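Enquirer: Before I ask anything, let me first share the structure, which is written out below as structure tokens.
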Amino acid sequence: MDATEGLRSQYVAQLAMLEDCIRLCPNEAWTAGEPPRSFWRIAFHALFYTHLYLMPSEREFERWGPLSGLSASLWEQRPDDAAGAAPPAPEALLGYLEWIRSNLPAWLARLDLGSPSSGFPWYPIGKLEHQMVNLRHLGTHIGQLQERLFALGLEPRWVGKA
């Protein structure tokens, strides 16, 4: 198996686990958590950065239209949190996830995994390592969401490879 196929398999597996978390989340837990770290915002943050870092560089990134106005920050309260704006429905995040999954093969094919540059100046590492960081970031947030679900007595599933 080459590196691109290994990355594809792990991204698809991770996205399946995130999808499971989103689908299992009860309505009352969707907005739970101290802003800006509600369940939905963590899920959106994970999707946003997975999408961003699957690009060859920052300048090739274009936000996904239906959720383009949302902040992906987990470190500051957003005006939409303070104003009590309704969060996106789980179906909106599932749409974003499916869009990422459907574009994944083409995006991975565009990456030069041998490049010594990640394409993002704040990550001074090579492209292959950057993809590993991206998977680790996605997995960290999936773990956060899974812990919230376990605390509610729900059992999110593990997916080892796709």
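Enquirer: Take the residues in the range 128-162 that are part of a helix (DSSP H, G or I) and without any contact (Cβ under 8 Å) to a residue 24 or more places away in the chain; name whichever of them is farthest from LEU54 (Cα to Cα). Outline the logic, then answer.
Expert: If we filter the range 128-162 for residues that are part of a helix (DSSP H, G or I), which is where we start, we get 128-151.
Now drop any that are not without any contact (Cβ under 8 Å) to a residue 24 or more places away in the chain, which leaves 129, 132, 136, 140, 143, 147, 150-151.
Numbers: GLU129: 12, MET132: 11, ARG136: 13, THR140: 17, GLY143: 20, GLU147: 26, PHE150: 29, ALA151: 32 Å.
Result: ALA151.
Enquirer: In addition: Here's a check for you: in the range 74-111, which residue that is assigned to a loop (DSSP other than H, G, I, E, B) and within 13 Å of PHE44 (Cα to Cα) is modelled with the lowest pLDDT? If you could, list the steps in order and put the result at the bottom.
Expert: Taking the range 74-111 first, the residues assigned to a loop (DSSP other than H, G, I, E, B) are 74-78, 83-89, 111.
After this cut, where a residue has to be within 13 Å of PHE44 (Cα to Cα) as well, the list is 74, 87-89.
Details: LEU74: 74, PRO87: 87, PRO88: 92, ALA89: 95.
Top of the filtered list is LEU74.
Enquirer: While we're looking at this one, here's another question. Taking GLN14 as meeting all but one of (1) closer than 28 Å to LEU111 by Cα; (2) of a type in the set (S, T, N, Q); (3) over 16 Å from the mean Cα position of the chain (by Cα), write down the number of the exception.
Expert: All conditions are met except number (3).
Enquirer: Filter the helices (runs of 4 or more DSSP H) completely within the range 1-72 down to those with at least 1 residues that are buried (at least 20 other Cβ atoms within 10 Å of the Cβ).
Expert: 3-24, 39-53
Enquirer: Let me ask you something else. Please state which of the following conditions LEU152 fails to meet, knowing it meets all the rest: (1) within 30 Å of GLU34 (Cβ to Cβ); (2) within 18 Å of the chain's Cα centre (by Cα); (3) aliphatic (A, V, I, L, M).
Expert: (2) is the only condition that LEU152 fails.
Enquirer: Could you check the range 101-135 and list, in sequence order, the residues that are surrounded by 13 or more Cβ atoms within 10 Å (Cβ to Cβ) and aliphatic (A, V, I, L, M)?
Expert: Listed by number, the residues that qualify are LEU104, LEU108, LEU111, LEU113, ILE125, LEU128, MET132, VAL133, LEU135.
Enquirer: What residue, among those in the range 27-67 that are among the small types (Gly, Ala, Ser) and modelled with pLDDT of 95 or more, is farthest from LEU135 (Cα to Cα)?
Expert: Here the answer is ALA29.
The values are calculated or read from the model by the stated rules, or taken from the named source; none is laboratory data. Worth saying up front: this structure is predicted, and the values here are computed from it rather than measured. We place every Cβ from the backbone using ideal geometry, glycine too, and count neighbours over all the protein chains shown.
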